[in-house]
Each structure stands twice: as C-alpha cells, then as structure tokens.
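The values are calculated or read from the model by the stated rules, or taken from the named source; none is laboratory data. Keep in mind it's a predicted model, so treat the numbers as computed, not measured. Here the Cβ is made from the backbone with ideal geometry for all residues, glycine too, and neighbour counts use every protein chain on show.
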Amino acid sequence: MEWNYVVPGIPDSYFERDEEIPMTKEEIRALALSKLRIRRGDTFLDIGCGTGSVTIEASLLVGNNGKVYGIDKDEKAITLTRKNAEKFGLNNIVLVKGEAPDILFTLDKKFDRIFIGGGSEKISEIIGASWELLKENGRIVIDAILLETVNKAINAMEIMGFQNVEVTEVIIAKGMRTKMGTAMLSRNPIFIISGDKI
Ligand SMILES: C[S@@+](CC[C@H](N)C(=O)[O-])C[C@H]1O[C@@H](n2cnc3c(N)ncnc32)[C@H](O)[C@@H]1O
C-alpha cells in the first residue's frame, strides 16, 4: 500500500482490520497527529497501538531517520499492527506487547512525541510515566472518550508540570446516502488533550 501524500489522514479502509480491535478513525487521527506536531527524525511512542493506524501514520511522518514504538497489552493488536506495518512497507517500527504503565519503564528510551490512545483506567499513572520518558521540549497527545478520563488526564498533566495543556472536543458527522438524500450520522465525541514538557 502506498501513501505518498504529505498530510496525514490515511483512509480507514486502507488498513487491515479485526472486529475485536479498535482503530482511531481517519479524521480524529489527522487532528491528533496535527496536535502532536511531529518532525522528521522524531522518536515516537504510541501507547495502545490497536490496529496500528496512528503507528503507521507516525512512521511515515518521522521518516527513515525516525523511530516509532507501538505498545499494546493485547497480542492481537500487536499482530494486526505488524500486518499493517508490512502492508505499508515500513521498517522504522518497533512493537512491544505489554501493559502500560509498567511496560514503559522497560523501554530504556526517551521520546520526542507520545500518543496515548488506550489505557483510560490507568491514565494518571501512564501520564506520569510518559513525563519521565519524554525528552525536553517533548509533546504529548491523549485521545479520550470518557469525561472521567479527561478530568484525570488534566489533573495528572498539571501535577507533572506539562505546559500549554489544551482540551479539544471533536464531533465528526459523516454523510450517509438515503433514498431522500444525504443524512449526517454523528459519531461519539472524542477529546484530544495535548501538552508540552518544556
Ligand atoms: C482505541 S484503541 C487504539 C487505536 C489505535 N490508536 C489505532 O489507531 O488503531 C486502544 C488500545 O489500547 C490498548 N490498551 C488499553 N489499555 C492499555 C494499557 N494499559 N497498556 C497497553 N495497551 C492498552 C487496547 O488493547 C487497545 O488496542
């Protein structure tokens, strides 16, 4: 599979899927990647890589001089992400099966950018660990569905000392053709939380 465009937002249909494994959908993914402000050569950590769509896009954005680490507690998610990495012909990706936050301390690596797409039950601890793993001037982005996760994430980010903490709520509606015309179907709201380690 080829993606030669310089902007993120690979169509969802380009990815191998498994009905048991969730995926960050293309519009939300494009926004989250934009908030991450990824640079060529960055070292990127994707916590809860799921289907691998964020891992794949980050891999393309950091390029051959960069590196992407994908973590998931579910072996099936790791296998699916690997399949997608192969489908897109990417070789700057390292996949590790394990549960955050514990697995994060075994990586022995510092990161320029961290994305948290899973792990809502332990979000405070995962944000704490991410602070330790982020380089100076590193940036974190968290996708959340639950209000409780947003609340915990903001508190944890403030306690750790993240700067420029911002919360964006996104509600995507997609057009669906009906006999009468095009009806808009809303998806559930997603919160995108971002901050800097300065
Ligand atoms: C919404 S999905 C992420 C989708 C992914 N961003 C993508 O683009 O395909 C969340 C993932 O986080 C994983 N997860 C949840 N809690 C975790 C934890 N504590 N440590 C590691 N992975 C976790 C789940 O197994 C699931 O695959």
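Per-residue answers, yes or no, for (1) in a strand (DSSP E or B); (2) at pLDDT 95 or above; (3) among the aliphatic types (A, V, I, L, M):
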residue	(1), (2), (3)
ALA77	no, yes, yes
LEU80	no, yes, yes
GLY89	no, yes, no
VAL96	yes, yes, yes
ILE103	no, yes, yes
ASP108	no, no, no
PHE115	yes, yes, no
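Residue pairs whose Cβ atoms lie under 9 Å apart, sitting 6 or more positions apart in sequence or on different chains, and linking a residue in segment 150-173 that is in contact (Cβ under 8 Å) with a residue 40 or more places away in the chain to a partner that is assigned to a loop (DSSP other than H, G, I, E, B), are VAL170/PRO189; ILE172/LYS25; ILE172/ARG187; ILE172/PRO189. For the residues ALA173, ALA77, ALA129, the requirement of being in contact with a strand residue (DSSP E or B) (Cβ under 6 Å, 6 or more places away or on another chain) and small (Gly, Ala, Ser) singles out ALA173.
Looking only at segment 51-76, residues that are within 19 Å of ILE123 (Cα to Cα) and either buried (at least 24 other Cβ atoms within 10 Å of the Cβ) or more than 9 Å from the ligand (Cβ to nearest atom) (or both) come to 5 in all. Number of residues in segment 84-109 that are out of contact with any Gly (no Cβ under 8 Å at 6 or more places or on another chain) and away from the ligand (no atom under 12 Å from the Cβ): the value is 10.
With segment 124-198 as the region, which strands (runs of 3 or more DSSP E) entirely inside it contain at least 1 residues that are closer than 19 Å to LEU33 by Cβ and of a type in the set (Asp, Glu)? Lay out the reasoning, then the answer.
Details: elements: 134-144, 163-170, 173-177, 182-186, 190-197.
Hits in segment 124-198: 134-144, 163-170, 190-197.
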